[in-house]
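Working notes, beginning with the structure itself.
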Amino acid sequence: MLHLLALGRVEPEYPRAFKLSRGAAAAILTAIGLAALVGAWSEWRSAFLYRHFDGDWMRYGLLCVYGHLLSDFIWMAVGAWRFGVKPRKDLILHHAMGLVGFGAALWLKVGYALALITMVTEVMPVTTGLNALGKRLSSQALMDAAEKARLHLLVWLRLPLWLTLFVLVCMVLAIGNPGDLLPAYLVACVGLAGLVGLDLYWVGKCRAHLDFY
């Protein structure tokens, strides 16, 4: 709905509309991630990775996140087919990791909290939306502020969060007792390492002032 609204009512330029709608969606996902962090704080020693009971609100939150990832894939396909805009390979990889990991969590009813807490970092795409808004309004000051905020969020929020979660997962694997959740911890370990690598790549893009569509 946000994608359709942005393209149909706000911004006829597809790349800008995509940034605006993703920025708005990212703000919602960030709020869900913060709520999960507060709700699951007592489970930090397990790296927020545990089994969930039926009716847990976090399942509905994760379904919302999953829908966001699917809609982005659909919208990228629309952009390629209708507007000739080539999708970003790094964004495809990032979303594919989410679809696989979050899909496994939903299927096995494990790790909703860990999955949702990663959404705290979705505050970063909000800056991409603000950058697009700056272009829409022809405001160089807003565009510059959005680019600086994006880099600071990557360096001071996203990377530290990924690394913290990675360390917590490794601690459980090394000195804890993951029990029958061992495969889930191994998947989380690999996934978080991949997210660190992607963010290091995006830091490079920020420093080179490359466009984020």
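The values are calculated or read from the model by the stated rules, or taken from the named source; none is laboratory data. Being a predicted model, the structure only gives us computed values, none of them experimental. For neighbour counting, all protein chains shown are included, and Cβ atoms are generated from backbone atoms with ideal geometry for every residue, glycine included.
Structure above, values below:
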{"item": "Residue in the range 175-182 that is surrounded by fewer than 16 Cβ atoms within 10 Å (Cβ to Cβ), among the β-branched types (Val, Ile, Thr) and more than 23 Å from residue 68 (Cβ to Cβ) present", "result": "yes"}
{"item": "Helices (runs of 4 or more DSSP H) wholly inside the range 1-103 containing at least 3 residues that are of a type outside the set (Val, Ile, Thr), assigned by TED's automatic domain parsing to the domain that holds residue 169 and buried (at least 20 other Cβ atoms within 10 Å of the Cβ)", "result": "none"}
{"item": "Out of 50, 112, sole residue that is more than 18 Å from the chain's Cα centre (by Cα) and aromatic (Phe, Trp, Tyr)", "result": "50"}
{"item": "Residues that are aromatic (Phe, Trp, Tyr) and assigned to a helix (DSSP H, G or I), drawn from the range 163-213", "result": "166, 185, 201, 202"}
{"item": "Filter result for residue 113 (assigned by TED's automatic domain parsing to the domain that holds residue 13, surrounded by 22 or more Cβ atoms within 10 Å (Cβ to Cβ) and part of a helix (DSSP H, G or I))", "result": "yes"}
